[in-house]
1. Looking at region 133-143, is at least one residue charged (D, E, K, R), open to solvent by 10 Å² or more (accessible area, probe 1.4 Å) and under 12 Å from the mean Cα position of the chain (by Cα)?
2. Residue check, residue 119 against (1) crowded, with 16+ Cβ neighbours inside 10 Å; (2) more than 20 Å from residue 179 (Cα to Cα), all met but one. Which one?
3. Could you tell me which numbered condition residue 49 fails, if it satisfies all but one of (1) touching a residue at least 24 places away in the same chain (Cβ under 8 Å); (2) open to solvent by 50 Å² or more (accessible area, probe 1.4 Å); (3) under 28 Å from residue 175 (Cβ atoms); (4) out of contact with any Lys or Arg (no Cβ under 9 Å at 6 or more places or on another chain)?
4. What single numbered condition from (1) open to solvent by 60 Å² or more (accessible area, probe 1.4 Å); (2) over 20 Å from residue 55 (Cα atoms); (3) in contact (Cβ under 8 Å) with a residue 24 or more places away in the chain fails to hold for residue 190?
5. Mind checking which residues of region 57-99 are among the β-branched types (Val, Ile, Thr), out of contact with any Lys or Arg (no Cβ under 7 Å at 6 or more places or on another chain) and open to solvent by less than 50 Å² (accessible area, probe 1.4 Å)?
6. Based on what the data block shows, is residue 40 of a type outside the set (A, V, I, L, M), touching a Ser or Thr at 6+ places or on another chain (Cβ under 7 Å) and either closer than 12 Å to residue 56 by Cα or surrounded by fewer than 18 Cβ atoms within 10 Å (Cβ to Cβ) (or both)?
7. Might you check whether a residue that is under 17 Å from the mean Cα position of the chain (by Cα), closer than 21 Å to residue 80 by Cα, modelled with pLDDT under 95 and of a type in the set (Lys, Arg) occurs anywhere in region 150-164?
8. Could you tell me which residue of region 22-37 is surrounded by the most Cβ atoms within 10 Å (Cβ to Cβ), considering only residues that are of a type in the set (Ser, Thr, Tyr) and in a loop (DSSP other than H, G, I, E, B)?
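The values are calculated or read from the model by the stated rules, or taken from the named source; none is laboratory data. The model shown is predicted, which means the values in this text are computed figures rather than measured ones. Here Cβ is always computed from backbone atoms with ideal geometry, including for glycine, and neighbour counts include all displayed protein chains. Please note that ligands, DNA and RNA were not included when accessible areas were found on the heavy atoms of the full protein model with its side chains. Shrake-Rupley method; radii C 1.70, N 1.55, O 1.52, S 1.80 Å.
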Amino acid sequence: MAQDDGFSIDTLKHEVFARMQGWSFPKDCTLQRSDLRYLKVKHFDAQGREYQGELVCNKRIANDLIDIFRKLYKAHYPIERIKLIDDYHADDERSMTANNTSCFCFRKIAGSKRLSKHSMGMAIDINPLQNPCVKKRSDSSLFVQPAAGRQYINPGKSAPYKIKKGDLCYQLFIEHGFSWGGNWRTTKDYQHFEKDVK
C-alpha cells in the first residue's frame, strides 16, 4: 500500500471487495478484481469541513487520481462527498442525487447497451448533482441525470459544487490526460471525466 497523510492506493482487500460484490461488481463483471485499486482521499466540503473519502478505480489511473485529489484538497476545492457507489446499492441515480463523487461501477450507459467507462474504472463523476448530464431527446425535450440536477443546468446559475471550465478541478484532470464530458458536442456530462489509456 502506498500511503501519505490520508491519501493511499491499495489492492481490493477482502472487506472492500465484499462490499462491492453484487453491487458495483456484479457476477457478470468482465473486469478482473486485480485491475482495480482502492483509494483513500481527503477532501473539504463547501462549508470547509474535512472528510476522508474512498474510491475504487482502474489501476491505470490510480496515481493520477491521488495526485489530482491531493491538489484539490490542498486548495480546499469543494467536494461534497466521496463514497463507494455500493453505499447506494450501486444505484447511479441515488448516488448522483446525493452529490456523491464516484468512479468504478460495472454498468451500461443510460439508455444504451454499451458499457460505460465507469465499468472499466476509467471515468469519475465529480459532484454530480450540481453538474448533471444533459441530453437532448429527438422531440427536443431534455433528459437530465440525476433528475434532481435539472435546477442546475442553467450555465449562468452559480452553485457551490459546480465545475466551471478552466477551474482547478477541470485544469487538473485535463493536465492528467482526461477528457471532460462538459466539452462533448451533443450530450453535456458536466460531472464526468474519463481517460483512455492504451
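1. The answer is no, given that none of the residues of region 133-143 is charged (D, E, K, R), open to solvent by 10 Å² or more (accessible area, probe 1.4 Å) and under 12 Å from the mean Cα position of the chain (by Cα).
2. (2)
3. The one condition residue 49 does not meet is (1).
4. (2)
5. Correct list: 66, 68, 79, 82, 85.
6. Yes; evaluated as a whole, the condition is true for this residue.
7. yes
8. In this case the residue turns out to be 24.
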